Amino acid sequence: MTSLPGRQGIIYRVSMLILNKAAGVFSKPSRREIYEFLRSFNFRPGKVFLHKLVLGIETSCDDTAAAVVDETGNVLGEAIHSQTEVHLKTGGIVPPVAQQLHRENIQRIVQEALSTSKVSPSELSAIATTVKPGLALSLGVGLSFSLQLVDQLKKPFIPIHHMEAHALTIRLLNKVEFPFLVLLISGGHCLLALVRGVSDFLLLGKSLDIAPGDMLDKVARRLSLIKHPECSTMSGGKAIEHLAKQGNKLHFDFKPPMQRAKNCDFSFTGLQHVIDKIITQKEKEEGIQKGQILSSAAHIAAAVQHTTACHIAKRTHRAILFCKQRDLLSQSNAVLVVSGGVASNLYIRKALEIVTNATQCTLLCPPPRLCTDNGIMIAWNGIERLRAGLGILHNTEGIRYEPKCPLGVDISKEVGEAAIKVPRLKMKI
Ligand code: KG4
Ligand code: ZN
């Protein structure tokens, strides 16, 4: 790469110089490098970008990701370093480990996204970075790296809300107008919200305890699926989906949580404990030790996936009915967007499809690589904010990351008070 000819080579070396500084790796630049660095700011041969260009940086959890996206939604460059494998071995994310891995990879990932985009840092319109919510130690790495970059390049900074970015990703691919309903289901989040604008969200419901991805990860760990030859490299949720195809969901009858609560909140801890008990009981019956794989693991996977899907579908169904009742969504043209890591689960998608078919809604899901954490959604949120003129900072003094941060205005109490009864749907999946 270092031997790239002409402008690309210059861009690469200049970017390296800047990024080395941002990462705190100070090596004394040569006179030639300084000359090239300065020249890059005036360098305008042939290629003229008519569009806004945003570099997005994501480090809120366990993925170090970056991307360059233009105003029309073209992804010009993208790079990601996933820590999943490391965290799978420790049985969960250890924040200091995640922080160290972000530190080790951020410069390379940003560099890779920039160099594949063939965009010089000087051509960027702004830098957008996730600052909330997420793991404090992880958010800190992305923010301090970005702030140094912003300072050196003299570019505007756009702080991004991770969940807002998930919610708006769909608009990069489809022409989805506001308002639309969004269901975000991942390892760290579980919420239903009405998206009324780029930074205008109404929170309809959320998980009262853990997120569905977290529950699936815990069940997968309890089932020792990492030792299963077909699942060893998969995330917990993906492993459950894979194994569920070989099982019978009716073998166990787990009750969907919160059946009496007529709101749009979720709960997964109770279900997780019930499954935990069943696994302990089955281990006794089969005479096997904790850590060995049960012969009924696939049946358990199928049943937990089915119960999770039914629970999510029911709450979403109620959210659609509430929004229609209050005229917050179109009666016949409403859109439901489902995103987050768990949204890549095809069984859960099918359950949601049954709901949207019954309510004359359109179900939209970004492709799997855009459902999980990525830099593209952050860059795109930067583009959306640039276009709307919202939250663009020219002075980053006092900017902090926020590990906990709600999404929009919480109207979940009002939703519960409406106590909408949801008609029963046959979940034939
Ligand atoms: O969005 P994401 O990458 O990270 C955050 O949590 O923000 O989501 C990761 C979560 C993990 O809990 C993982 O087990 C789950 O998404 N997941 C799945 C599937 N693929 C990933 N859950 C169910 N089915 C899948 N196919
Ligand atoms: Zn996420």
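The values are calculated or read from the model by the stated rules, or taken from the named source; none is laboratory data. What you see is a predicted model, and the numbers here were worked out from it, not measured in a lab. Note that we place each Cβ from the backbone using ideal geometry, even for glycine, and neighbour counts take in every protein chain shown. Remember, those area values only see protein heavy atoms, side chains included, never the ligands or the DNA or RNA. Shrake-Rupley method; radii C 1.70, N 1.55, O 1.52, S 1.80 Å.
With every protein chain present, what accessible area does Phe254 have (1.4 Å probe, heavy atoms only), rounded to the nearest 10 Å²? My reading of the accessible area for Phe254 is about 10 Å². Helices assigned as whole DSSP H runs in the chain whose Cα atoms extend at least 30 Å along their own long axis and whose mean Kyte-Doolittle hydropathy is -0.5 or higher are found at 297-325. Ranking of Cys190, Cys310 by solvent-accessible surface, largest first: Cys310, Cys190 (1.4 Å probe, protein heavy atoms only, all chains present).
Per residue, how much accessible surface does the range 126-262 expose to a 1.4 Å probe? Answer in Å², no decimals.
37
How much of the DSSP bridge set in the chain is antiparallel, in percent, rounded to the nearest 5? Before the final figure, lay out each step's value.
On the way: 26 of 46 bridges.
Counting DSSP beta bridges with both partners in the chain, the antiparallel share is about 55 percent.
With the helix formula -39500 (n - 2.57) applied to DSSP H stretches of n ≥ 4, the chain reaches a computed 222 nm mean residue ellipticity of -14000 deg cm²/dmol. Comparing Cα centroids, the range 387-405 and the range 283-360 end up 34 angstrom apart. Can you find, among Ala244, Thr233, Gln259, the residue farthest towards the positive end of the dipole of the range 223-272? Put +1 on the C-beta of Lys and Arg, -1 on that of Asp and Glu. Looking along the dipole axis, the top candidate is Gln259. As a fraction of the 1.4 Å probe accessible area of the range 78-208, surface on carbon and sulfur atoms comes out at 53 percent.
Legend: residue pairs Lys206/Lys249; Lys255/Lys290; Lys282/Lys428; Lys89/Lys290, Cα-Cα distance threshold 22 Å; pairs beyond threshold, Lys206/Lys249; Lys255/Lys290; Lys282/Lys428.
Quick check on the range 268-346: take the gyration tensor over C-alpha atoms, sort the square-rooted eigenvalues as a ≥ b ≥ c, and tell me if it's rounded (a/c under 1.5), prolate or oblate.
Details: a/c = 4.45, a/b = 3.10, b/c = 1.44.
In terms of gyration-tensor shape, prolate.
When both the range 105-156 and the range 164-198 are represented by their alpha-carbon centers, they are found 23 Å apart.
Annotation: the antiparallel percentage among DSSP beta bridges lying fully within the range 82-228 is about 70. Descending by average beta-carbon neighbour count within 10 Å, the peptides 193-202, 296-305, 363-372 line up as 296-305, 193-202, 363-372, the highest first. For the pair Ser332 and Lys421, a Förster radius of 25 Å applied to the C-beta separation gives a FRET efficiency near 0.70, rounded to the nearest 0.05.
With the cut-off at 1.5 for a/c, could you classify the range 286-421 from its C-alpha gyration tensor as rounded, prolate or oblate? Mind dumping the intermediate values first?
Numbers: a/c = 2.04, a/b = 1.31, b/c = 1.56.
Oblate is the answer for the range 286-421, as a/c is 1.5 or above yet b/c matches or exceeds a/b.
Of the peptides 96-106, 175-185, the order by per-residue mean of other Cβ atoms within 10 Å, starting with the highest, comes out as 175-185, 96-106.
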